[in-house]
Amino acid sequence: MSPHTTTSLEDRLRALADELCTALEQTLAEALHSAEAGSIRPVQLTHELGLNKSLASRVIRALHEEDSLRALRGIPTPQGLQLIHHAARKAQASDAVLERLNRATEAYAELLSEFSGGRTDLEATLAGWLPEERERAERDARRSVFRGMTTLCGTRAGTVYNSIYLLPSSEDPERLDSLLVAIRQDVRRLRVGAPLLVMSFGPFRDDEDWRSKRRTLGGREVQEDPLSFLLPDLCSHPIPKLEVTRSRCDATEIRIAEDSLDVNEFATLGLGCRTLGHFERFATPESRYGCMPVRAGRPAEALTFDLFIHRDIVIEGDPIATVSLDHPLPRRLDAEPPAEGSPDRTTAPAVIHLDAHPSGLSSQDVRSCKAIAENATREAGLQPSDFRKFRTRIEFPIQSEELTLWWRLPERA
């Protein structure tokens, strides 16, 4: 039996953090000759003990933390602690405090050996008990993934923006039509020949005739010309040459032609379509929610998603957002949101009610959001004020990640 089976991991981590901090405080106080542990400053460690600034600052920040798990997250690696041990011995700290620091360092090294990923895995574990640390750790991890995927894919975008407008169906009172506006802002190719996907139109529901339900925003049939979805007023000019292909999952893909956009040349593209009978209007025995998932598809700095609900449409409560890594597109649009803690849900970003927000439609990620909304609704013979407006976003979205907005459907009267 493991000697740790009767003690939770959190308890072990807290006990180790407390012991490490106590050992460090005693060692540094003796090494600095009568300095009080609580008053030690990084400059003392650099000038008197010869520690580098980074290590000195990290130690002092950890010792000033009130929560032991936060302290453990800041404590240096065992190698860093050995440098402190060596410096303190040279400064003639007592054998007793040095031995205590040595035992704590060995216990720390033993703990790290239990994590296959070492310090990285330990920090991920600690973040689970520290919500604000988890947010920071996830943001840093997302940024690292973004940089790596930018190198691998050879492309990047500033912002991937999607807005979907729900309105009563023009053909079926039991269903809702949708308007989708997709903006790919500041896309660029960083490597010669790198494929640059702009947008993918996939099937929805189990409907073999789904393409016939797609229209331009103004309601015009497009037949076999998906480039009719292009919104020139929302594109940068000159508009690069676009190519249309069919994917293995029967989705229509629109790409920037290889010979059309030079390396590191920016382009912004806007596309929009209307889908007839896209969603259920009322709850059914099989489903109580409507939902719309979106993906960045390529490395991007931000994924922003707006939901506009026509004022003639009733939903229960406000929409919610979830992020999942597990669901491939296309997927059912009538499921229920995964519960908190479910493996199908990695996080739940905030949803802002834009009608009540001081900035209104303005966005930190998307240029001219108000003009985009006016353009989209004008094409459909409507205006932005006809809709209630909601927004969610994530920074540095992972390519396979789905950001989904869910709305609770009302019962039939």
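The values are calculated or read from the model by the stated rules, or taken from the named source; none is laboratory data. As the structure is a computational prediction, the values presented were derived from the model and not from experiment. Here Cβ is always computed from backbone atoms with ideal geometry, including for glycine, and neighbour counts include all displayed protein chains.
Residue count for the range 239-260 under the criterion of being exposed (fewer than 13 other Cβ atoms within 10 Å of the Cβ), touching a strand residue (DSSP E or B) at 6+ places or on another chain (Cβ under 9 Å) and at pLDDT 85 or above: the result is 2.
Yes/no per residue for (1) modelled with pLDDT of 80 or more; (2) of a type outside the set (A, V, I, L, M); (3) touching a Ser or Thr at 6+ places or on another chain (Cβ under 7 Å):
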{"residue": "ARG332", "(1), (2), (3)": "no, yes, no"}
{"residue": "ALA339", "(1), (2), (3)": "no, no, no"}
{"residue": "THR346", "(1), (2), (3)": "no, yes, yes"}
{"residue": "LEU354", "(1), (2), (3)": "yes, no, no"}
{"residue": "PRO358", "(1), (2), (3)": "no, yes, no"}
{"residue": "SER362", "(1), (2), (3)": "yes, yes, no"}
{"residue": "ARG393", "(1), (2), (3)": "yes, yes, yes"}
{"residue": "ILE398", "(1), (2), (3)": "yes, no, no"}
{"residue": "ARG408", "(1), (2), (3)": "yes, yes, no"}
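Could you say whether any residue in the range 390-398 is within 22 Å of the chain's Cα centre (by Cα) and surrounded by fewer than 21 Cβ atoms within 10 Å (Cβ to Cβ)? Yes: one or more hits.
Please note which strands (runs of 3 or more DSSP E) are completely contained in the range 272-326 and include at least 1 residues that are within 15 Å of PRO397 (Cβ to Cβ), modelled with pLDDT of 90 or more and among the acidic types (Asp, Glu). So that I can check it myself, show each step before the final result.
On the way: elements: 289-294, 300-310, 316-324.
Passing ranges, in order: 300-310.
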